[in-house]
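The values are calculated or read from the model by the stated rules, or taken from the named source; none is laboratory data. Keep in mind that this is a model prediction, so the values were computed, not measured. Counting neighbours? That spans all protein chains shown, and the Cβs are built from the backbone with ideal geometry, glycine included.
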Ligand code: ME8
């Protein structure tokens, strides 16, 4: 069985997750379920990046013990992911003992092998971005050069440990030139290449006199730089070094927002080269979810009109599925995506309620009313097979290219086709010719079941609900085996939205 390893970034738990965090996580869960359905052995990991100064500061502000605070936040993240049906294999926390062991092991190894050295450091640090900035990047105002942040920088003057990033410049360029498909989409590839070509400098990988974080094992005055610690989650989570699951690692897909591509495309592969490990198979980078006036939605600046935690804790499953659908549907690995309740309402109504929901309700109602709830396979499949073959091919083609929106459009085309077939074949006029009606409706039911199968990675609850209404046990049904389907009950999948979603 082919293996695939899918990761999200590990999130800073200095605030509740918001719709932007959910965006990455839903896309990753979609890919994970998609590959599972295609018989891959999937390891899907998400988690929290806890050893950050800002997490510690948040805990202090709340007068909480930091470890206890991160425990509480891990529970909140897990509850939210559970409501969104994020089916991870592992939820990693950087305060996990196994993770700390890996980080200490790697720091020792890199130091002993000369990839890390100690030297004097003078430079500027942004606590919010957890980033060291070189002089050339900052202006006279000494504000963080990240336009999304622009907070005052801190001048650091201390002996520090450095990673010899400069050693990897040529090797990285060669790797990317030989394997351009690793970074998706190509615009991000170009950004990374031009950044490397500007020249890589060694980076500081420690902080002195910081209370919270993983200490350097042989020099306890220092804490290991949170990004070095965080990136290592990707291998500590699958057992590196003692029980390392190489087979997953060989096919790792890291999903992330564009804000952290340089850490993943430059620092991370350099560390991996230093450790003699394979480099990532894919770095899949999406744009930002923004407010309608194009501001990035963030933990510090807000802008999450859904108010994710309230939304998932207080909404019925069909609305939570609609949010998943909305995020994956808008999933664009390029441009930023403005989020609005109007757009959510529009997609909900036109695609989920009027197209998919309506189709299923019509098919089920026709079988209930005219065929005593039951359809049977009496003739060979006719038109439905070709349509399904085409939809599956289109869907797979798009998903393999990470064109999630187009993939969903091919599912909508199948629903459109089935809706149109009902209108053209006028089954209500066939009520007297039961056999003809049965044959037509069997194909319709089969189409609906197939639709449920395709929808499973996007909206798993809805998918299960469809097959449950049709009395099928599992989505692994085989077309040949499907002889008889009995409608058990009929409930609207996507009832009309209340006034809350008017934007
Ligand atoms: O950067 N739109 O954590 P973080 C889309 N701990 N995606 C968004 C988003 C938005 N408006 N806001 C956040 C960190 N994200 C580090 C990562 S990994 C080794 C360490 C998503 O909590 C997006 O995936 O700031 C982004 O890259 C990530 O959250 C940043 O999460």
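Scan region 13-24 for residues that are touching a helix residue (DSSP H, G or I) at 6+ places or on another chain (Cβ under 6 Å) and near the ligand (Cβ under 9 Å from one of its atoms) and jot them down.
13, 14, 17, 18, 19, 22, 23, listed by residue number.
Quick grid of which residues meet (1) in the same structural domain as residue 406 (by TED's automatic domain parsing); (2) outside any helix (DSSP H, G or I):
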{"position": "311", "(1), (2)": "no, no"}
{"position": "319", "(1), (2)": "no, no"}
{"position": "324", "(1), (2)": "no, no"}
{"position": "327", "(1), (2)": "no, no"}
{"position": "335", "(1), (2)": "no, yes"}
{"position": "347", "(1), (2)": "yes, no"}
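Summed over region 280-297, residues that are more than 13 Å from the chain's Cα centre (by Cα) and more than 10 Å from the ligand (Cβ to nearest atom) total 6. Could you go through region 333-340 and let me know if any residue there is more than 15 Å from the ligand (Cβ to nearest atom) and touching a helix residue (DSSP H, G or I) at 6+ places or on another chain (Cβ under 6 Å). Checked against the condition, which is being more than 15 Å from the ligand (Cβ to nearest atom) and touching a helix residue (DSSP H, G or I) at 6+ places or on another chain (Cβ under 6 Å), region 333-340 yields no hits at all. In the set 136, 166, 194, only one residue is in a helix (DSSP H, G or I) and at pLDDT below 90; that residue is 136.
Against the test of being outside any loop (DSSP other than H, G, I, E, B) and in contact with a strand residue (DSSP E or B) (Cβ under 7 Å, 6 or more places away or on another chain), the options 210, 223 yield a single qualifying residue, 223. Taken together, the residues in region 256-285 that are assigned to a loop (DSSP other than H, G, I, E, B) and in contact (Cβ under 8 Å) with a residue 40 or more places away in the chain amount to 5. Looking only at region 31-45, decide whether some residue is under 20 Å from residue 463 (Cα atoms) and within 16 Å of the ligand (Cβ to nearest atom). For region 31-45, residues under 20 Å from residue 463 (Cα atoms) and within 16 Å of the ligand (Cβ to nearest atom): present. If you go through region 312-365 and keep only what is in contact with a strand residue (DSSP E or B) (Cβ under 6 Å, 6 or more places away or on another chain) and closer than 20 Å to residue 399 by Cα, you end up with 330, 333, 336, 337. Among the conditions (1) within 12 Å of the ligand (Cβ to nearest atom); (2) over 16 Å from residue 25 (Cα atoms); (3) assigned to a helix (DSSP H, G or I); (4) touching a residue at least 40 places away in the same chain (Cβ under 8 Å), the only one that residue 300 does not satisfy is (3). Within the option set 162, 168, 175, being out of contact with any helix residue (DSSP H, G or I) (no Cβ under 8 Å at 6 or more places or on another chain) and either surrounded by 13 or more Cβ atoms within 10 Å (Cβ to Cβ) or within 23 Å of residue 400 (Cβ to Cβ) (or both) holds for one residue only, 162. When region 78-94 is filtered for residues that are in contact with a strand residue (DSSP E or B) (Cβ under 9 Å, 6 or more places away or on another chain) and surrounded by 19 or more Cβ atoms within 10 Å (Cβ to Cβ), the ones remaining, listed by number, are 81, 86, 88, 92, 93, 94. A residue that is closer than 18 Å to residue 16 by Cβ, without any contact (Cβ under 8 Å) to a residue 24 or more places away in the chain and surrounded by fewer than 18 Cβ atoms within 10 Å (Cβ to Cβ) can be found somewhere in region 311-322.
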